[in-house]
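A quick write-up on the structure given underneath.
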Amino acid sequence: MPKYFFHIRRHDNFAEDLEGIDFTSPEGALKEAAAAAREIVAERIRRGDSADGGVFEVMTEDGTLVATVPFRSAIRLD
């Protein structure tokens with residue numbers, strides 16, 4: 001099963017995911033990235049921080065970029 005890494009980039013900061021998670025497909029990894037982004041945004045809102053900014057860079061073990069998931073794309077504001 002392929003391993004996917006969820007690196008976080010926000011403004012000039014980069015947090016590398018060193019563990020990764022096994023998924024059977026890229027779609028599963030993207031669903032997890034969206035769910036994790038919602039959790040991060042919710043925590044920022046609870047703390048009174050800016051919820052804007054930040055993306056997951058979803059990558060495979062060989063360094064292939066699968067997708068960029070902006071945190072703001074994981075929430076609905078309507």
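Shown is the FRET efficiency for SER25 and ILE45, computed with R0 = 30 Å from the Cβ-Cβ distance and rounded to the nearest 0.05: 0.50. For the chain, take the longest principal axis of its alpha carbons; what is the angle in degrees between that and the long axis of helix 26-47, to the nearest 10 within 0 to 90? It is inclined by approximately 30 degrees.
Relative contact order of region 22-78, taken over Cα pairs closer than 8 Å and 6 or more residues apart, is 36 percent. All other residues whose Cβ lies under 11 angstrom from that of PHE23 are scored, Lys and Arg at +1 and Asp and Glu at -1, for a net of -1.
What a 1.4 Å probe finds exposed on region 1-57 is 50% carbon and sulfur by accessible area, rounded to a whole percent. The residues of the chain expose on average 67 square angstrom of accessible surface per residue, using a 1.4 Å probe on protein heavy atoms. Around VAL55, what is the net charge, scoring Lys/Arg as +1 and Asp/Glu as -1 over all other residues with Cβ under 12 Å from its Cβ? With Lys, Arg at +1 and Asp, Glu at -1, the net is +1. Projecting the Cα atoms of ASN13, MET59, PRO2 onto the charge dipole of the chain, computed from C-beta unit charges around the Cα centre, puts ASN13 farthest toward the positive end. Which is the longest part of the chain that has none of the GluC sites (Glu not before Pro) sitting in a DSSP loop with at most 13 other Cβ atoms within 10 Å? Counting at most 13 other Cβ atoms within 10 Å as exposed, the longest clean stretch of the chain is 20-60. Counting only Cβ charges, +1 for Lys and Arg and -1 for Asp and Glu, the dipole size of the chain around its Cα centre is about 400 debye.
From its DSSP helices (H runs of at least four residues, each -39,500 (n - 2.57)), the chain gives a residue-normalised ellipticity at 222 nm of -10000 deg cm²/dmol.
The values are calculated or read from the model by the stated rules, or taken from the named source; none is laboratory data. Small disclaimer: the values here were computed from a predicted structure and weren't measured. Positions of Cβ are backbone-derived with ideal geometry, glycine not excepted, and every protein chain shown enters the neighbour counts. To get the accessible areas, we keep the full protein, side chains included, count just its heavy atoms, and leave off ligands, DNA and RNA. Shrake-Rupley method; radii C 1.70, N 1.55, O 1.52, S 1.80 Å.
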